[in-house]
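The values are calculated or read from the model by the stated rules, or taken from the named source; none is laboratory data. Just so it is clear, the structure is predicted and the values come from calculations on it, not from any experiment. We place every Cβ from the backbone using ideal geometry, glycine too, and count neighbours over all the protein chains shown. Areas reflect the complete protein model, heavy atoms only, side chains present, ligands, DNA and RNA absent. Shrake-Rupley method; radii C 1.70, N 1.55, O 1.52, S 1.80 Å.
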Amino acid sequence: MLKNLVKKFFGSPEEVSTGAETSNVISLYALQHAEHFKCASSTDESAMFIDLNSVRSVEHNPPNYTLQFNMYLVEYKKKHTIEWVVTADYDYEYSVSSIVKKENLKDYSREQAKPIIVKHKEQESGIKGIARATKYYDFDGNLETDLKAMNVNVKHEGAFEYGDPFYTAAHYAFDRAYHVFF
């Protein structure tokens with residue numbers, strides 16, 4: 001009975017963590033309910049989640065930072081989840097704090113400052129990077145395709161435009177790593 005419950009919620013019971021290591025099982029249920037997954041965007045057709053526990057610093061050289069983290073794109077009609085490994089490069093000169101300082105917005109209300117900050121972010125988000133699709137899972141968390149093992153290179157590379165799912169996930173990763181709103 002326990003194995004059935006584990007399989008229902010997390011996928012194959014053989015792949016579930018004993019607590020000492022992290023599980024590789026990425027079921028739809030886990031993405032939607034585990035606290036360490038944060039939804040970066042959602043529509044009727046898809047949802048994008050970031051694994052906050054996967055965030056790690058690759059470079060810390062202010063004003064430049066590089067973080068790596070995992071994202072998961074759920075495609076409801078195709079009934080699968082795509083795992084992405086993202087490396088995001090941040091230029092802190094384009095962060096909200098830097099914009100507030102450059103534009104002397106510290107005495108503005110949030111409502112007054114927001115359009116100015118958004119205009120700057122739309123011109124230059126300050127985040128660029130590369131996201132590589134690595135694996136496809138079914139909604140129960142079973143591995144369907146391992147792109148990395150097959151040497152298949154599916155990627156999204158370049159600027160992460162303000163408001164797009166990659167930007168939003170990179171923002172959450174920066175907040176997780178440094179506790180600062182990017």
> So residue 155 clears everything in (1) farther than 16 Å from residue 37 by Cα; (2) without any contact (Cβ under 8 Å) to a residue 24 or more places away in the chain except one condition, right? Which one?
Replying inline: (2)
> Looking at (1) open to solvent by less than 40 Å² (accessible area, probe 1.4 Å); (2) aromatic (Phe, Trp, Tyr); (3) modelled with pLDDT of 95 or more, can you tell me which one residue 166 breaks?
Replying inline: (3)
>> Kindly evaluate residue 140 against the criterion of being open to solvent by 30 Å² or more (accessible area, probe 1.4 Å), outside any helix (DSSP H, G or I) and either among the acidic types (Asp, Glu) or modelled with pLDDT under 95 (or both).
In response: yes
> Going through the stretch 50-65 one residue at a time, which ones are touching a residue at least 40 places away in the same chain (Cβ under 8 Å) and closer than 16 Å to residue 167 by Cα?
Replying inline: 50, 52, 55, 65
> When you look at residue 59, is it part of a helix (DSSP H, G or I) and either open to solvent by 60 Å² or more (accessible area, probe 1.4 Å) or modelled with pLDDT under 95 (or both), yes or no?
Replying inline: no
